[in-house]
Amino acid sequence: MAQDLRYTKEHEWVRVEGDLATVGITDYAAEQLGDIVFVELPDTGRALVRADAVGVIESVKAVSDLFAPISGEVVEANAELAASPELVNSDPFGKGWMLRVRISDPSQLDALLDKAAYEDLTREG
Amino acid sequence: MAQAHGGLYATPLADRHAGLGARMIEFAGWSMPVQYAGILEEHRAVRTRAGLFDLSHMGELYLDGPDAAKALAYALVSDPTTLKVGRAQYSMSCFAGGGVLDDLIVYRLAEERFMVVANASNAAAVSDALVERIAGFKVILDDRSLATALIAIQGPLSLQVLAPLTDVVLDDLRNYAVGEGSVAGKPALVARTGYTGEDGFEIFVDVASAGRVWDALMDAGRPAGVVPVGLGARDTLRLEAGMPLYGNELGPDTTPYEAGLGRVVKLTKEGDFVGRAALEKAEADGPRKKLVGLALRGRGIARHGYELFAGDRRTGVVTSGTLSPTLGEPIAMAYAAPSDAEPGTILEVKIRDQRVPAQVVALPFYRRTT
């Protein structure tokens, strides 16, 4: 797992660069879901509220929610996932990224888990 | 015999699945592999090469006696009296009210010996119903479900992988035929039946022989790219092949006619059978709903339980749905009002808060060319 990331209990990762955050789901989540066949993401411009279900990630057998790890405005959704949802399985931290969000409340970043805390979580799970 | 661990049965191949890194789930009271390498990869392997399935959770019920055929003709909707020795037929056990208790396959092993294979989820119910229904006939029911392992090999390479391991002459085994002999040196029934839409064989052996047979098939199949396949891909394969799943397309509130399986009900056979009066009426009245295939024409995957609309009118419900690995598009089966069931009709599936167009298409979605 990359060092510069923060995580949520719902297995999202967040990479912060200035006032922008890139969001995806972790390899642990992708592994749990199995082959991902469909990803539904919020449109550019959509306002996200932390902890809301803002998108859907579907595997062959199941439908899962994507939760907003932080509040902010969607500046870009990964258009490649429409044609290639399997990128989430093959490269969850890279090409499988889901959203770029303009952070509206930087203090929310403090509430995210660091790598060690997330690893503890997945070890127990 | 299968062991119960914390309430779940384990098949005799549990250690093989563990060694293969299978993800196990609970299914019908059994611990079963849902996937190994992944559902899409396993699905594609079956369509292009072959896959091995552990189906030991299914029920195997033997009926022996001079009245075996007549007893089954009374208990089931099909006519096993017309089945030749060494042949099998798809059938159903129905309730007196005409609803489906289980769909199953009946194999005639001898003039007076049949094997009925039932879904794992209904094995006990099928057995109980048979016990009741065969009373008074000269026949004995032997439920050998827990003593029998079932391994299936399905896919275009099935014959070439299995043939060297068995003395049953597979080239002489037609579709829906069954032979007795051995596989990997173990006594076995070999049937040319399956639930994937591909060529393939279902191999019935004693639980003590299961490991040896599985290992032999894995070893023989490895150079050909044969892989183990779990229940996840079993479901996507049968859905593409337009085959019903009990609990989704079939159940106590559905008649065979509504599921498009009227041809299985032999109303012209001699004598009464369980459900006759209700099924005669159902056939005469026409279906209240019809099973249709749906090809989604917008973005979204239709799933079991999603509602189906014709304009503003709710017309039915999705019974099974997924992203078809072979077609690369979302497909589904659903019940719709008969007037909305014509192929070509555009309906809408309610996926979360959106209505996504879906076109009624004839089943199956996929037919093999080999």
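Just so it is clear, none of the values below were taken in a lab; they were calculated from the coordinates. Because the structure is predicted, anything quoted here is derived from the model rather than measured. Neighbour counts run over all protein chains shown; Cβ positions are idealised from the backbone, glycine included.
Taken about its Cα centre, chain B carries a charge dipole of about 840 debye when Lys and Arg each add +1 at the Cβ and Asp and Glu each add -1 at the Cβ. Within the listed set A:Val49, A:Val23, A:Val88, the Gaussian network model of chain A (springs between alpha-carbon atoms below 10 Å) gives the highest mean-square fluctuation for A:Val49. Among B:Gly221, B:Gly271, B:Gly98, the residue with the largest mean-square fluctuation in a Gaussian network model of chain B, with springs joining Cα atoms closer than 10 Å, is B:Gly271.
When Cβ neighbours within 10 Å are restricted to other protein chains, what is their mean count per residue of peptide A:59-65? Spell out each step's value before the answer.
Values: counts 7, 13, 10, 1, 4, 0, 0.
Mean shielding count: 5.
For B:Pro66, neighbours were defined as the other residues whose beta-carbon sits under 15 Å from its Cβ, and their charges (Lys and Arg +1, Asp and Glu -1) total 0.
Under the definition of partner shielding as Cβ atoms of other protein chains within 10 Å of a residue Cβ, what is the mean value for peptide B:298-306? Don't skip to the end; give the middle numbers.
Details: counts 0, 3, 4, 8, 0, 4, 0, 0, 0.
That average works out to 2.
Considering only B:Arg108, B:Arg288, B:Arg192, the mean-square fluctuation computed in a Gaussian network model of chain B, springs between alpha carbons under 10 angstrom, is largest for B:Arg288.
What are the semi-axes of the equivalent ellipsoid of the stretch B:25-182, taken as the square roots of 5 times the eigenvalues of the Cα gyration tensor, listed largest first and rounded to whole Å?
Each semi-axis is the square root of five times an eigenvalue, giving 29, 20, 13 Å.
Of the beta bridges in the stretch B:1-288, as assigned by DSSP with both residues counted there, near 90 percent are antiparallel. Of the residues B:His304, A:His11, B:His17, the one with the fewest other Cβ atoms within 10 Å heads the list, and the complete ranking is B:His304, B:His17, A:His11. Consider a paramagnetic label point 7 Å from the Cα of B:Ala224 along Cα→Cβ; state which residues of the stretch B:142-181 have an amide N under 12 Å from it. Output list for this probe position: B:153-166, B:170-171. The length gained by stretching the chain between B:Arg352 and B:Asp215 to full extension, at 0.36 nm per residue less their Cα-Cα distance, is 44.8 nm.
Fully extending the segment from B:Thr369 to B:Asp64, taken as 0.36 nm per residue of separation minus the present Cα-Cα distance, adds 106.0 nm. Note on the protein assembly as shown: with charges restricted to the Cβ of Lys and Arg (+1) and Asp and Glu (-1), its dipole about the Cα centre is near 1140 debye. Rg and Dmax, both from the Cα atoms of chain B and both in Å, are 20.5, 62.
Once R0 is set to 25 Å, what does the formula 1/(1 + (r/R0)^6) return for the Cβ-Cβ distance between A:Ala51 and A:Asp91, expressed as a FRET efficiency to the nearest 0.05?
Values: r = 26 Å, r/R0 = 1.05.
Efficiency at R0 = 25 Å is approximately 0.45.
A:Leu99 sits among other residues whose Cβ lies under 10 Å from its own Cβ, and their net charge, with Lys and Arg +1 and Asp and Glu -1, is 0. Sequence-ordered 3J(HN,Hα) estimates for the stretch B:319-325 from the Karplus curve with 6.51, -1.76 and 1.60 and θ = phi - 60° stand at 9, 8, x, 6, 8, 6, x Hz, glycine and proline given as x. Candidates B:Ile25, B:Gly136, B:Gln354 compared by Cα position along the dipole of chain B: farthest toward the positive end lies B:Gln354, with charges placed on Cβ. Rounded to whole numbers, the Karplus 3J(HN,Hα) couplings from phi for the stretch B:259-273 are 7, x, 10, x, 5, 7, 8, 9, 5, 7, 5, 6, x, 6, 8 Hz, using 6.51 cos²θ - 1.76 cosθ + 1.60 with θ = phi - 60°, and x at Gly and Pro. Shown is the FRET efficiency for B:Ile140 and B:Ala163, computed with R0 = 45 Å from the Cβ-Cβ distance and rounded to the nearest 0.05: 0.85.
Per residue of A:33-40, other chain Cβ atoms within 10 Å of the residue Cβ number 5 on average. Say the dipole of chain B comes from +1 at the beta carbon of Lys and Arg and -1 at that of Asp and Glu; which of B:Ser320, B:Ala295, B:Pro156 then lies farthest toward its positive end? Of the candidates, B:Ala295 comes out farthest on the positive side.
To the nearest 500 deg cm²/dmol, what mean residue ellipticity at 222 nm is calculated for chain B from DSSP H runs of n ≥ 4 alone, each contributing -39,500 (n - 2.57), summed and divided by the residues? It would help to have the intermediate numbers written out before the result.
Working: 8 runs with 72 residues, N = 370.
Value at 222 nm, helices only: -5500 deg cm²/dmol.
If Lys and Arg each add +1 and Asp and Glu each add -1, what is the summed charge of the other residues whose beta carbon sits under 11 Å from the beta carbon of B:Ala22? So the surrounding residues net to -1.
Between the beta carbons of B:Arg314 and B:Asp171, assuming R0 = 60 Å, the FRET efficiency works out to 0.70 to the nearest 0.05.
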